[in-house]
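The values are calculated or read from the model by the stated rules, or taken from the named source; none is laboratory data. Computed from a prediction, not measured in an experiment: that's the story for all the values here. Here the Cβ is made from the backbone with ideal geometry for all residues, glycine too, and neighbour counts use every protein chain on show. The protein model used for the area step is the full one, side chains on, heavy atoms only, and it has no ligands, DNA or RNA in it. Shrake-Rupley method; radii C 1.70, N 1.55, O 1.52, S 1.80 Å.
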Amino acid sequence: MKTPSLILSASALGLGACAGHGRVEAAPVAVAVEFTQAVMAPQAVLGTQTPPPTVQWLSGDGPPTASDSGPGWTRGGPAARIAAANSTAVREPSRDRYVNAVQIYPWSEGAVYRLYTAPERVSAIALQPGETLVSVAAGDTVRWVIGDTTSGTGAERRSHVLVKPSAVGLRTNLVITTDRRVYHVEVESDARPAMTGISWTYPAEALLALRRGDVGAAAATVAAGIAVEALDFGYRIEGDDPPWRPIRAFDDGQQVYIQFPADLAQSEAPPLFVSGASGQSELVNYRLRGHYYVVDRLFAAAELRLGERRQQVVRIVRMDVDGSRRRRGSST
């Protein structure tokens, strides 16, 4: 690292001249000093106090910066990788995932969930029914009020973490541990309306329940041979809200599974169309298993359509990791 240089400007004091001559002032002297661990103070001349020197960085030099602290904190080092990973892991509220005033996030290991709050408002974080709260740790416990309570009894007993900020413009994080999992929540206070609460669905557990036969043999056949760890739930459901609107969609890297309400068999099933690279709708091979459509290929976007004059349309869009829509025609 280049050693910065300093210029110390000081005026030399005049010495007494011969009788009959006035006091002679010496011209200012520029002294170049190398910046070392210890910089000596200018010496006083003839017992007179020297004014503090003026510090001026030479051209091209400057004070040490964060990048000088070590090679790991330059661009592309650990700091950049940490920031990128944290940003990618954050899940923001989505209009399609609200149930009344509560945002329902699909839970996944290592994801960070956003909760927007406001002063004088309490926002609730609801855990899974039957899940036991172990601890709640907050980054800022001075300006945030954090509490917990429970609702229900028996198997439906549910823990709730309550969050309230003391002012606008605060940000911190929560780490909530239970007997089943760890939740990471980013909380932020704003003057805008606060979120009433958040909770989660647990897609991997639902699929495991199918494999165990907890909801019937017909539905369990959907999950036969699927590796749970390979599932991708990065699909968004949008559009109209008919009774047959899908609950969720996911894939195993080869096929897409679209889950419908359990009463799908009692109503007319909508046909599925996949959006091709040109944006035109294409037919695709799929079959009905229980209340699932099993599609034999991956897709970036698809539509379920039912009706003629007043057609109801529901779109299924595959999302990138950061929540943005994949480009049309992309299948990976």
Which residue pairs have Cβ atoms under 7 Å apart, sit 6 or more places apart or on different chains, and have a first residue in the stretch 125-141 that is closer than 16 Å to ARG157 by Cβ and a second that is assigned to a loop (DSSP other than H, G, I, E, B) and small (Gly, Ala, Ser)? PRO129/GLY152
Counting only residues that are touching a residue at least 12 places away in the same chain (Cβ under 8 Å), hydrophobic (A, V, I, L, M, F, W, C) and within 30 Å of ASP251 (Cα to Cα), the stretch 159-205 contains a total of 6
Within the set of pairs 6 or more residues apart or between chains, which connect a residue that is over 21 Å from HIS184 (Cα atoms) inside the stretch 67-90 to a residue that is of a type outside the set (D, E, K, R) and modelled with pLDDT of 65 or more with Cβ atoms less than 7 Å apart? PRO71/GLY77; GLY72/PRO78; TRP73/ALA79
Cβ-Cβ below 7 Å, separation at least six or inter-chain, first residue in the stretch 260-283 and more than 17 Å from ILE237 (Cβ to Cβ) and modelled with pLDDT of 80 or more, second acidic (Asp, Glu) and in a loop (DSSP other than H, G, I, E, B): which pairs? none
Search the stretch 284-328 for residues being small (Gly, Ala, Ser), closer than 26 Å to PRO93 by Cα and not in a strand (DSSP E or B), and hand back the single one that is modelled with the lowest pLDDT. GLY323
For the stretch 280-293, which residues satisfy the criterion of being over 31 Å from the mean Cα position of the chain (by Cα), more than 15 Å from VAL314 (Cα to Cα) and open to solvent by less than 70 Å² (accessible area, probe 1.4 Å)? VAL284, GLY290, HIS291
Of all residues in the stretch 152-176 being of a type in the set (D, E, K, R) and more than 13 Å from LEU127 (Cβ to Cβ), the one that is most open to solvent (accessible area, probe 1.4 Å): ARG171
So ARG91, is it out of contact with any helix residue (DSSP H, G or I) (no Cβ under 9 Å at 6 or more places or on another chain) and surrounded by 14 or more Cβ atoms within 10 Å (Cβ to Cβ): yes
Among the residues of the stretch 170-196, what is the count of those that are farther than 26 Å from ARG157 by Cβ and assigned to a strand (DSSP E or B)? 6
Based on this model, can you work out whether VAL274 counts as part of a strand (DSSP E or B) and surrounded by fewer than 16 Cβ atoms within 10 Å (Cβ to Cβ)? no
State whether the residues of the stretch 142-151 include one that is out of contact with any Gly (no Cβ under 6 Å at 6 or more places or on another chain), closer than 22 Å to ALA204 by Cβ and either open to solvent by 50 Å² or more (accessible area, probe 1.4 Å) or in contact (Cβ under 8 Å) with a residue 24 or more places away in the chain (or both). no
Qualifying position, being open to solvent by 50 Å² or more (accessible area, probe 1.4 Å) and within 29 Å of the chain's Cα centre (by Cα), among ASP252, ASP241: ASP241
Quick count over the stretch 177-196, residues being open to solvent by 80 Å² or more (accessible area, probe 1.4 Å) and among the small types (Gly, Ala, Ser), is 1
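Every residue, every condition in (1) part of a loop (DSSP other than H, G, I, E, B); (2) of a type in the set (Lys, Arg); (3) touching a His at 6+ places or on another chain (Cβ under 7 Å), yes or no:
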residue	(1), (2), (3)
ALA83	no, no, no
PRO93	yes, no, no
ILE104	no, no, no
TYR116	no, no, no
ARG121	yes, yes, no
